Amino acid sequence: MDERVIGRSGQRASVVGLGTWQLGADWGDVDDQQALAVLDAAVESGVTFFDTADVYGDGRSEQTIAGFLRARPEPDIFVATKMGRRVDQIPENYVLDNFRAWNDRSRRNLGVDRLDLVQLHCPPTPVYSTDEVFDALDTLVEEERIAQYGVSVETCAEALTAIARPGVASVQIILNAFRMKPLLEVLPAAREAGVGIIARVPLASGLLSGKYTKDTVFPANDHRTYNRHGESFDQGETFSGVDYDSGVEAAVEFAGLAPEGYTPAQLALRWIIQQPGVTTVIPGARSPEQARANAAAAALPELSADTLTAIRDLYDRRIKDQVENRW
């Protein structure tokens, strides 16, 4: 699989990575054997980049990755984790002492002395403008606790603020065919600054897979049930902030744009891969079959100009007014 450089670091990541939120929690039940099978299928398909967080299953996702890598030390896997969501979301909690404590926990969970990449996990907006926060992150690099740091953001404005920071290696942002606003300013700014872009929620929480209908019922412990209107965290993390019923209708039209040989999910991933400035896209997977199919999108032919235009037209007609004023 093709690899691209993660921003200023010189380290490389497969163009399709693996998001591992679902291996920890919030997507229904995934047992340990199933989680390991997903990781194995991803690596066998050429994936070299895993994205996790200390809050996914309260450390379960990190620990699962560590167990997998102990059993399979031969792959050279870049593991990015995130920190900050296990405490009250107030700027005062984003200080060096807490960073060290969170870092110690993640290093124990992942079984490493130094973390490849640590991202602030969608912190309060003022954090991105606080010099002391980034001084503290620089200290973690100097102490060789982390190789580099980045941020995960909710809004384009937060992304642009972070990109202006000289030490930021990467920005993780929601980018998909139902969330195109980052194309306007964020991706060009990242390219200019040499900052990597990690595209998350690439399938709009599964909407773009075309598998769901208005009658689909998700488990009670799935965020697509309990956070549909932003009850527990930012609404944009669930279905990219798109109203579910109208999103299902738009997804039917999107699926009809898939060229021969593409599934709707692969169309969604291939669209992201082709956006200039994207380093890696991190779909999740609940089964080995999903992991393999996601990885296969990297080898599919580029989408034609006509298909790209049709996807843009769909977004402008059905989705844009729902999301661009918020994120």
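The values are calculated or read from the model by the stated rules, or taken from the named source; none is laboratory data. Being a predicted model, the structure only gives us computed values, none of them experimental. Positions of Cβ are generated from backbone atoms using ideal geometry, with glycine treated the same way; all protein chains shown enter the neighbour counts. What goes into the accessible areas is simple: the full protein's heavy atoms, side chains included, and nothing from ligands, DNA or RNA. Shrake-Rupley method; radii C 1.70, N 1.55, O 1.52, S 1.80 Å.
Quick look at the values:
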| read-out | value |
| --- | --- |
| Sole exception among (1) open to solvent by 20 Å² or more (accessible area, probe 1.4 Å); (2) of a type in the set (A, V, I, L, M, F, W, C); (3) in contact with a Lys or Arg (Cβ under 9 Å, 6 or more places away or on another chain) for Val217, by number | (3) |
| Residue satisfying condition, being open to solvent by less than 10 Å² (accessible area, probe 1.4 Å) and more than 22 Å from Glu302 (Cα to Cα), within set Thr225, Thr238 | Thr238 |
| Residue match in the range 254-274 (condition: within 20 Å of the chain's Cα centre (by Cα), at pLDDT 95 or above and surrounded by fewer than 18 Cβ atoms within 10 Å (Cβ to Cβ)) | yes |
| Among the residues listed as Val5, Val15, the single one being under 16 Å from the mean Cα position of the chain (by Cα), under 21 Å from Val168 (Cα atoms) and either surrounded by fewer than 23 Cβ atoms within 10 Å (Cβ to Cβ) or hydrophobic (A, V, I, L, M, F, W, C) (or both) | Val15 |
| Ser14 being touching a Phe, Trp or Tyr at 6+ places or on another chain (Cβ under 6 Å) and of a type in the set (S, T, N, Q) | yes |
| Qualifying residue in the range 19-39 (condition: more than 15 Å from Pro283 (Cβ to Cβ) and without any contact (Cβ under 8 Å) to a residue 12 or more places away in the chain) | yes |
| Test: residue in the range 166-188 that is among the basic types (Lys, Arg), crowded, with 17+ Cβ neighbours inside 10 Å and either touching a residue at least 12 places away in the same chain (Cβ under 8 Å) or not in a loop (DSSP other than H, G, I, E, B) (or both) | yes |
